[in-house]
Structure formats: structure tokens, C-alpha cells
């Protein structure tokens, strides 16, 4: 990978202006120490390809994920959300910058960071119980057989799949498969849970049911959790903080919105809450505005030629009997 | 509407025996008193045609030495933004304490829900550096995190001025709009043993001859910076010979300046100069 | 006053072995020229049945539909339909997909005129730079843009939109709502849209018609969003009454839910009683 000195200079000045890293200082006595973040992203850049086909996906990502918080990253499709999550999981490395887990650089995937994808990757020949047991056995080989079995049952129950524990993935609905994925990941007792649009493949109703369940499980366990979503309402319902991922290429993070809504939260009650309304508008308006700005920037770079509309009316006298439809016949 | 109409709307007060000097009873005097009492930058919201104003206390050796007051011009439309940010919670964050946004309601709404960690965003950078920070060309500034999503088209430049006694008390943020500049320019000067070095600057209607670029330096005993350093408080200068030092235009396009020193303990760290 | 579009005592009944099943009954709706009406209701409430009857895709059992003074008989290009999935020909370019319909409806135009018509509407939906991209290379959101361009290019008298953004993620959905509104301000077309998204209905329509739950679905409640046009999302969201309207709609839908649950519970009880009696 080759950077011209000029590029390097530009990058250098961006570093300066975007985030100022704290110089180590002796903490004044008598003040509570600031808790160290569970996960830190420092000036992370990531792109793919090289030469003319090079695409910069993420730029200048700075983020601290705190222990015990539920952080939602809300972003547009194609803005690099999955790349972001893969880096947190250790499946991809940043081009520059660093990602620290409890102050140690991430060097690859680890059961400490449990990832749940949009598309559940369950083993089709194993039952719900078998899929969960497989993970538990691989992560806790030192446990006794009975202990592991109890552990598996506990998580099957937690996600409400006791009645379906003997079924194989193809015998499950989308929602049930996603519950199995969640149980499998939770059962590995990761220090941090990474949810990559876990609900976006589901229909609206299943989605809202699972939202509430994820929230309920989280409210019991209070496990550090990063979720990627494209849904502002979902983010407000579950998260302590919401960080927008601006549209790509060269996607960067927006400011962190704090969700000051009491828990437990229930979607139906939020509709009447003034903080909810104000925050919903603030986050939505922010996202709409960044998207419009990004589209304007794109358009001004390369304007499509204006085309004059010919002065023609449809030939209505000879309407074809066949419908012209946007559907398969 | 020109910037000159703003000129009477800056004021400075010395702190003598714990009281403001000169004494008085004007709204700006009352605002400065409040700031002196709380140790925070304080905001006077706009009301009945009276412009909004901010009081910024200057601490030297951890005790208040003076107070500067800056008012937004009293015009209709987007005049600019004043914000005061304060530290909150266990995670080294600042949140909005109060702000004056005029018609920029959406920018206000976004600002009221976001928090900045130390080092992040304009207020967070100012906190981490313990120094005033300028962000220019806000719509495209990568560090001004709220910009893209919030009325950015109407905002131009911003300066964050931290109020630091033994720890951060608050941060005053001034944002100038495209249609109504608040100042002709803002400069942040770093105090060095042998003089002052211009760290950053931004200009909005100032003769090019009077502009200085980063890295410019002024000797320790010269001009308005020396005066601020010697007196150790916020000072308004109206003498072109003073604020014109080292400017090839001799300050002829400037009518006055307000300088606010920033101390770390007893040591002068930097001076923020607003040019009108 | 007669409307530009009239749905008069519209009804749909299917014959089943157990007797006739009434899906929609006595559905009346008049639309003025250029009006945007959303049909809102839970899935299965019969709103798609209404739309498909207006489209001429589903035979009308009772009543009738008049569009621009002509009672409809079957489908026709005077009514453009956009479904959830645009179903483009994946091997064709965006332009070629739109040309398919344009060639049929403008046989009297020259080849280059027809091409310009297709290109014009694709540019309107923001695809001016992607005319020659294969449909298969477009994202779901871009494909639906093609679907919208295709519908507008035929200059229909009426647009029928059946959850056109239902498959898209919520941020893409918002963007396409804005694209559609913008093109509608330039090409005022009477539009009937089906959705289950309360925010979408409020943002898009002049009138929201909320249907009662089927069977025997009919107009349950009508909401008239007060927002000025052209609409800017931030202004609409910040309108002091926005969340009141939203709550009113959600409450009505939830009420319908409860009714349905009660009915189901009652049915279950009746069935149990019956079973108990036969044992």
C-alpha cells in the first residue's frame, strides 16, 4: 500500500483536528477514577482494494465502549456498518489506528466478543440444543458434562425455546433461528456482545417482539453490548447511547446521543414520553441531514446531464388490454 | 448591519477583593457577577430585543482574576450561537448546560441530546487541550461532529473557550453564522517563554493585510499580548498601535479586540483574542 | 360532488366450501384529483384487496370503481402500480427496464423520444448516473427507484402503491419517501398507497384512511395530516401536533388488535363449549 507524502500530510492534519488524545496525567487525588472503556477505537481507518479500485470505507473512527453499556450504531446501508462490526469482532484489521479490548489490541476473533449476525449461521444438521451445546463445549471444555448441559438449558430457556429445543434450523421460523443464534452467543459468556443488525431480516411484528426480548435479557444481565441497526426507534428503545454512522464512502461517526430514558423501557409507553419525542426527532433529523449533505456532495461532484421531457401523451385510445405492472405477470 | 455595531457589546471586569471592578448594575454586570459567584461561564438568554450574552471568568492560580462579557448582535435571523458545556458523570464527558441558538432550533435539539467525551468534538478537544480551540468551515470540518446533521449550512466558524480553575468548570462555545459574523477574527496564541506563537486563527471580514497565519510570533514584550500577560486579566484594546503589532495592515481594519488569557495554575498558557 | 377517483360500495367476497367469506364490505372512498391517500391497517385487514380491485387485478364482487369518469374494467396503463418488490428484469439495464413500458404506451413517439422519457424519469428519482447499470447490480433501494420511475414514465392518471417501501430498511425507506414526494410535487398524480407504517402515512398523505380489521373490513377512521406542502421531514416531525396524530393512529390500530384478540378468544371459547357439548 502506497501513500504519497501529500496524502500522508492530509491524513496527519485530519488526525489533529478530529480527536485529541489525552496525554497521560497524574489523576488529582480525591476524584473518582474514570473507568477504563471495555473497547476503544482510536483513529481507525479501513478500506478495500488498491489503486483505482480502492474504496475507503471507514475513516477516523473514534469510539469508547463502556463496560455495561448498550451502545447502538445507527447507519445507512452501504455505509460500512458490517466492516465496522467485523473489526470489532476481530475478523478484519484496521488499515491504520487501533482497536483495544480492555486496553489490549485486538489480534483476531475471540469468544470474549460474541457476534450475532443478521443471517444466523446455525449448523443445519444440529438441533437448537445441539447448536448451543457445540459452542458451550468448545468454549468451556474444562467444565463437567452436567454443568455444561445445565448451562445450555439455562440459555435455551432464557430465549424462550424450551418447547423447540429438539428442532433443527429448517423447522424453525426466522425469529426462532435468531433466538437460537442469540442463545448460542450468550451461552459463550462473551465479555461483549456484538449484534450486527440481528433483527433486520425479520418482519415488523417478529422484530418488535424480539426487540423487547433482547432488551429484557439485557436488562437482567447488563452485559456490554454494541448493536448495529438502521432503525432509530429500535436504537432508542434499547440503547444507552446512539452513535450515527454517517453515509459512506469515507464514513465517519457522528456525535454520541445519550438516551436518558428510564428502564425498563416498553415501546408502547415511549410514544407518550417527551424525551423520546425530542430524541427521536433529533436523531432522525440528524440522519436525514447528513444523508442529504452526502447526496449533495456527490451530485456536485458529477452532475448527470439534464434531459428535457418530450411532449408526448400516452396513447390512451388504444390501451393495451394487458396490464403494465411492476410485478411478475 | 456591520460588525462595528457589536463593539459596545463586549465588556471586561477585574476582580478586586472578590468583587467586580468597576461596580455597576447593568445586565452585563449582573451576568458577570453570577459568573464570578458560580465559577462557570454563564449565559444571559436573549429577551425582548435585548441580545444574549455570555460571561467567561478567567482563573489565575485557581482563583477568579477577571470576567469577560460578549454579547450576540441583536438582530433577527441567524445571528450565531452561544453554548455553555459542563462536565458530567463518571465517563469524562461534557453535556450542554445551556445555549442560545436563535432560530437554529434543530441544531439546539441535536446539541441538547449529545455529549462529548474528553478529546471528542469541539468541546471535548478544548477540554483535552486545556486551551481554546477553533473549528473553521464547520459544514466540512471533520472534528465538528454535529455539523453535518445540524443546520450546518448556516454556520461558519466556532471557538471553544475552556474555563479552568483547578479542574474544568465549563466551556463556552461561540459559533458565528454565515449571514452575521460575530467577529472579524479569532486568534489563539500560545504563551512561550520568549514570546507568543499563533496556534490557530480564523477570519471572517478582516482585511487580508491584518490577518496572520499559524506559526506567526510576537515578542514577549510587544503589543496587546504583552499587556494581557502583564495585567493577567481579560482586556479590551482599542488602540491600533497595540493590536496592530506584527500585522502588515497595522490593524487598520480592526476597531477593537478582546483578549482572554488562559492559565494553568499560575502559568499563562494561551491567550484568545477576538477581533472586532 | 363526484370525485376524480370513486370507490363506491366496494365489496369482495370469496366463495369457500364453508360459504361466502366477506373480505371487504361497503368500502366507500372518493379522491380528488392530485390527492394522496394512504390506506393504513394491519396485515390481513383487506387493504391490499381494495388496492388490487382498483388496479383491476382482482374482480370486484360488489360496487364499482371510477377513475377520471371511466368505470374501470380490468387493469390498464391509466393506473400505475408499484409493489413491494419492483421485479425488474435483472439482465436488463435500469433504462431498458423502464423502456419496456414506455415502448408500449408511446408507440407514436420516436425511439429517441421514448428513450428520453425513460431517462428523464430515472434522472428524477436520482438514477441519472446509473441508466446503464444492470438491474441486478443495483441495491434494493435503487431497484425500487427504478420501479417508481417506471410507473411515472407511463403518465398514469392514478398511482397505486402497495407497501412500496416495505422491504427497505428504515433509513432507505425515509429517503425514498422523500424522492417520491419530490417527484409528485412536479407530477401531481392522484395516489393511493398502502402502508402499515404510521410515520410514513403521516409524512406522505393528504388523508389517512385507517381500516378496521377484516373480515368485513371497512373505513374505520380518517386522519387529515395538517402539514404544509412541500413537506420537509424535520418540519413535519417538529410540528407540535405530530405525536398526537401519531398516538391517535397507533391507539386506533391497537384497539383493533384488542378487538381481534377478544374475538379470537371468544371463538376459542365457543369452540371449546361446542366440543364440551359433543363429548
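What follows draws every value from the coordinates through simple rules; no lab data is involved. Just so you know, these numbers come straight off a predicted model, no measurement behind them. Glycine also receives a Cβ, built like all others from the backbone with ideal geometry; neighbour counts cover every protein chain displayed.
Numbers below:
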{"item": "Spin-label zone in the range A:64-92 - amide nitrogen under 12 Å from a point set 7 Å from the Cα of residue A:110 along the C-beta vector", "result": "A:89-90"}
{"item": "When the convex hull of its Cα atoms is projected in every direction, mean area for the range A:58-211 (nm²)", "result": "10.2"}
{"item": "Rounded, prolate or oblate (a/c below 1.5 giving rounded, otherwise prolate when a/b exceeds b/c) for the range B:162-233 by Cα gyration tensor", "result": "oblate"}
{"item": "Prolate/oblate/rounded call for the range C:135-247, Cα gyration tensor, a/c under 1.5 rounded", "result": "prolate"}
{"item": "Estimated inter-spin distance, residue B:105 and residue C:70, nm [label 7 Å along Cα→Cβ]", "result": "4.6"}
{"item": "Inter-chain shielding of C:234-241 (mean C-beta neighbours from other protein chains, 10 Å cut-off)", "result": "4"}
{"item": "For residues of C:105-117, the mean tally of beta carbons on other chains within 10 Å", "result": "4"}
{"item": "Nearest-0.05 FRET efficiency for residue A:147 and residue C:57, computed from C-beta distance (R0 41 Å)", "result": "0.10"}
{"item": "Estimated inter-spin distance, residue A:95 and residue A:52, nm [label 7 Å along Cα→Cβ]", "result": "1.8"}
{"item": "Chain B: calculated mean residue ellipticity at 222 nm from DSSP helix runs of at least 4, using -39500 (n - 2.57)", "result": "-4500 deg cm²/dmol"}
{"item": "Calculated FRET efficiency for the pair residue C:273/residue A:297, C-beta based, R₀ 60 Å, to 0.05", "result": "0.35"}
{"item": "Top of C:79, C:207, C:229 by mean-square fluctuation, Gaussian network on chain C, Cα under 10 Å", "result": "C:229"}
{"item": "Angle between chain C longest axis and helix C:140-153 axis [Cα atoms, degrees, rounded to 10]", "result": "80"}
{"item": "Inter-chain Cβ neighbour average for residues C:157-167, partner chain, 10 Å", "result": "1"}
{"item": "Gaussian network model of chain B, Cα within-10 Å springs - most flexible of B:200, B:227, B:25", "result": "B:25"}
{"item": "Spatial separation of Cα centroids for the range A:129-199 and the range A:63-84, in angstrom", "result": "24"}
{"item": "Listed residues B:114, B:69, B:188, most fluctuating in chain B (Gaussian network, C-alpha, under 10 Å)", "result": "B:114"}
{"item": "Whether the range B:61-138 is rounded, prolate or oblate, judged on the alpha carbon gyration tensor where a/c under 1.5 counts as rounded", "result": "oblate"}
{"item": "Sites residue A:36 and residue A:213 - FRET efficiency at Förster radius 25 Å, r taken between beta-carbons, to 0.05", "result": "0.20"}
{"item": "Computed over the protein assembly as shown, Kirkwood Rh from alpha-carbon pairs, angstrom", "result": "31.0"}
{"item": "Degrees between helix C:94-105 axis and first principal axis of chain C (Cα, 0 to 90, nearest 10)", "result": "80"}
{"item": "Nearest-ten-degree value, helix C:242-278 long axis tilted from longest Cα axis of chain C", "result": "40"}
{"item": "Inter-label distance for residue B:61 and residue B:207, nm, one decimal - labels placed 7 Å from Cα along Cα-to-Cβ", "result": "4.1"}
